[in-house]
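Colleague: Quick one: the structure is below, questions incoming.
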Number of protein chains: 2
Amino acid sequence: MCQIRSNSRMGDMADSTGRGGPPAEFTPYFALLEASALVQHGVEAQLRESGDLSFVQFQILAMLSEDAGGTQTMTAIADRLVHSRSGLTYQVQQLEKRGLLTRGPSAEDERSTVVALTGSGTALIQRVLPGHMAVVREILLDALDAGDGAELTRLLEKVRQHMRARPPRSATRARPRG
Amino acid sequence: MCQIRSNSRMGDMADSTGRGGPPAEFTPYFALLEASALVQHGVEAQLRESGDLSFVQFQILAMLSEDAGGTQTMTAIADRLVHSRSGLTYQVQQLEKRGLLTRGPSAEDERSTVVALTGSGTALIQRVLPGHMAVVREILLDALDAGDGAELTRLLEKVRQHMRARPPRSATRARPRG
DNA sequence: TCAGCGTGTTTCGAATTCGAAGAGTAGGCC
DNA sequence: GGCCTACTCTTCGAATTCGAAACACGCTGA
């Protein structure tokens, strides 16, 4: 399991072009990517061991388990995860093979596929969840006191809203008019 | 390009097991992963358009261009990126095919492979870099004022050091005896 | 010198990912 | 009704990723 070691020298990137640029400005960029990668790796190991789930699979099951009904359309799931539609189709198929969820037609919109958690799926996610949360605490939250956690959330929320506001660059490109 | 939509309800995960757990505690976790994914997607699109590079490939070239000599061993690169050794071998091969870098034996340690940037590689990274930094500013840094950026860096640095301090969970497993 | 272990890298097979293309439904407009 | 655009999902092929195993070198100790 390899990981980003340090980002201090990455800040010198600006030197390559302008020689003496403001590298400090980009430190949050590298820090963000590195921290995220480290967290995700740590979490993946635990999920694999405890429930033979990839992080993506866990996210799908966890998202379904949030709602009482435990049903979502493919699009609703894809919009919240970082995977392509085709990639989601693949993973949902895998989970369906294992009997953790089912797929069926939607009553409201016949184009849609409704994904629903099964009893096995519910049981698995509930079995995995405590350990998952423990690992998240261990590798991430323990590094922060309450104030830091709130501050980090506030900053990342700003970032999220900023990025959500701009077009995804490759989805639903600017309509010809209006 | 699909992305995580919201994380507010993911916080209810705790309800699935304990019913009424402290979901707010885990908000930084989801916010971190989501923000990172959004940033990375935005950056990838630009790199693909401007230099036909994946994010990983860009990272490799950028890391090499940091040092004046422009040489690194495979392990040194892998330790700083989030890819397996085998994955790094693959990507370095791709870049070598394009003439952006070369591989050769190390004088100091004959087990090592030394990766060096070529003139083409240097030219490419310097051509791509300004646009890359512009996109990073646009999608990430513009969301933060100077103080926020510094604060975010401080928090992520805490997280990084915390995570770097613990064993990677699957590398160099606990030795049989001290 | 030889065995044995740790380290550095690549090869190999399998799993996962994406984008583009295809099939089908929804809704607006004539 | 018929057409056209938008939306939903899946299939397909290609690229990328990983872990385990293989391979090679370096060091230590007998």
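The values are calculated or read from the model by the stated rules, or taken from the named source; none is laboratory data. Model, not experiment: these values are computed from the prediction. Here the Cβ positions follow ideal geometry from the backbone for every residue, glycine too, while neighbour counts run over all protein chains shown. These accessible areas exclude ligands, DNA and RNA; they are computed on the full protein's heavy atoms, side chains included. Shrake-Rupley method; radii C 1.70, N 1.55, O 1.52, S 1.80 Å.
Colleague: Can you give the Rg to Rh ratio of the stretch B:117-161, both from alpha-carbon atoms, with Rh computed by the Kirkwood formula?
Modeller: Details: Rg = 14.8 Å, Rh = 12.5 Å.
So for the stretch B:117-161, dividing Rg by the Kirkwood Rh gives 1.18.
Colleague: Sticking with this structure for a sec: Quick one: ranking A:132, A:41 by accessible area, 1.4 Å probe, largest first, what do you get? Mind showing how you got there, number by number?
Modeller: Values: A:132 0, A:41 35 Å².
Sorted by accessible area, descending: A:41, A:132.
Colleague: Next up: Could I have the simple spin-label model distance between residue B:127 and residue B:48, label points 7 Å from Cα toward Cβ, reported in nm to one decimal?
Modeller: 1.9 nm
Colleague: Before I look further, what does the stretch B:27-150 give for accessible area per residue, probe 1.4 Å, in whole square angstrom?
Modeller: Counting only protein heavy atoms, the per-residue value for the stretch B:27-150 is 41 Å².
Colleague: Return, for the Cα atoms of the stretch B:27-150, the radius of gyration and Dmax in Å, separated by a comma.
Modeller: 16.0, 49
Colleague: Going by the rotation axis that takes chain A to chain B, pick out the residue of A with the closest C-beta and quote the gap in whole Å.
Modeller: Output: A:36, 2.
Colleague: Ok, one more. Using θ = phi - 60° and the Karplus curve 6.51 cos²θ - 1.76 cosθ + 1.60, what whole-Hz ³J(HN,Hα) does each residue of the stretch B:111-117 get, with Gly and Pro shown as x?
Modeller: Computed from phi, the couplings for the stretch B:111-117 are 7, 7, 10, 9, 9, 10, 6 Hz.
Colleague: Let me ask something additional. Please tell me the relative contact order of the stretch B:27-150 in percent, rounded to the nearest whole number, where contacts are Cα pairs under 8 Å and at least six residues apart.
Modeller: 27 percent
Colleague: Now for a separate question. With only alpha-carbon pairs counted, each pair once and no self-pairs, how large is the Kirkwood hydrodynamic radius of the stretch B:101-143 in angstroms?
Modeller: Evaluated over the stretch B:101-143, this radius sits at 12.7 Å.
Colleague: In square angstrom and rounded to 100, what buried accessible area do you get between chains B and A, total over both, with the probe at 1.4 Å?
Modeller: 8300 Å²
Colleague: Label points 7 Å out from Cα along the Cβ direction at residue A:109 and residue B:116: separation in nm?
Modeller: Result for the modelled spin labels: 5.7 nm.
Colleague: Would you jot down the residues in the stretch B:31-45 that end up with at least 30 Å² less accessible area in the complete protein assembly than in the chain alone, with a 1.4 Å probe?
Modeller: B:31, B:32, B:33, B:35, B:36, B:38, B:39
Colleague: May I pose another question? Excluding same-chain residues fewer than 8 positions from residue A:97, which aspartates and glutamates have a Cα within less than 15 Å of its Cα?
Modeller: A:52
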